[in-house]
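Read the structure below first, then the notes.
Derivation of every value follows stated rules applied to the coordinates shown; laboratory data play no part. All figures in this text were calculated on a predicted structure; none of them were measured in a lab. Neighbour counts are summed over all protein chains in view; Cβ atoms, including those assigned to glycine, are modelled from backbone coordinates with ideal geometry.
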């Protein structure tokens, strides 16, 4: 076991209850659960965290997209993007919460790491429904990002059981999955298999 | 002078630069400047605050709608609504920042005051373009809200120079204005007149 991480990201389509239900089920095999629900209010996100906690998700496995205030209220992690408060600002005013940063180039990766991000999300690696029409960045770009910084890089976008070995070979410290688990017939089996493949020796 | 307050609220239409420009101009006559820009990202709001500060607006005159995280980064005030984190949660996790709460009934007013809101925004009092088709709550409702709590109540919605005396008579501790200043031919003169009328003895 190399301890590569499996992140499960909400898709903004499931109800918060349905996401919490799946999260509760796959929890032993996943390391982070992201509420990435851009259309939701802060009050709804607050409720979403409560639902996850009720399903037994430890608070340190929860990550809130963009809203550092909601994250801070529970001391969950926060996932920042280019439109969010900067890593630097969040680090300064919300000390000790886990900060993930979504990056799209080695330069962004380097900067985020320099300012104190705890890990990076990089993608999308493969074509994916959620980024239809946008060319994927591919495995070589993942490798370049990985070399640009010394913090964990989690790969996202179109990752399925079949391409996990390739992603791992390119140096990913983890993967982030939406539909591969949330839309699987058997989310628990899907999560188990992702987890196993992530930590197979090459 | 009874020290009734004049709040100027951004309308989500002006550029942040244009709003900051007007704010800088009317600053001596206004007590609060709200960035109420629901379509903007936290990074844009952060820039908006920087623009206001550059125009000489004191940080304690700035109020950010909904985003407690952005407010917290500068220690500005925050204006909460029903979709925001609750007053109780913000009070606990963001101590010492000014908390305004938008309410629509005496019950909501009582609850917000109980949980530690510093002041209330209540409206809309008169018909207004920004709440087209929604019946105004009127002066009697303002009076009821005022009697339900012991924190300052700032009236909002369709307030113009002509109806300020009536609003003041109903017990308002201040007024909040958007178009009455932002769309005035001479925002400085408009703000001066609002300020004067607010604090005239009846």
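All C-alpha to C-alpha distances of chain B, sorted into 10 Å bins beginning at zero, yield P(r) values of 9, 37, 40, 14, 0 percent in whole numbers. Scaling the Cα radius of gyration of the protein assembly as shown by the globular reference 2.2 N^0.38 Å produces a ratio of 1.13. Under conditions of 10 °C and 1.306 mPa s, region A:122-202 yields 123 µm² s⁻¹ as its translational diffusion coefficient, taking Rh as the Kirkwood radius over Cα pairs in the Stokes-Einstein equation. Taking a ≥ b ≥ c as the square roots of the eigenvalues of the Cα gyration tensor, an a/c ratio of 1.5 or more together with a/b larger than b/c marks region B:103-158 as prolate. Extending 7 Å from the Cα toward the beta-carbon at both residue B:54 and residue B:96 defines two label points whose distance is 2.8 nm.
Computed over chain A, relative contact order equals 22 percent, with contacts defined as Cα pairs under 8 Å that lie 6+ residues apart. Counting, for every residue in B:41-47, the Cβ atoms of other protein chains within 10 Å of its Cβ and taking the mean gives 5.
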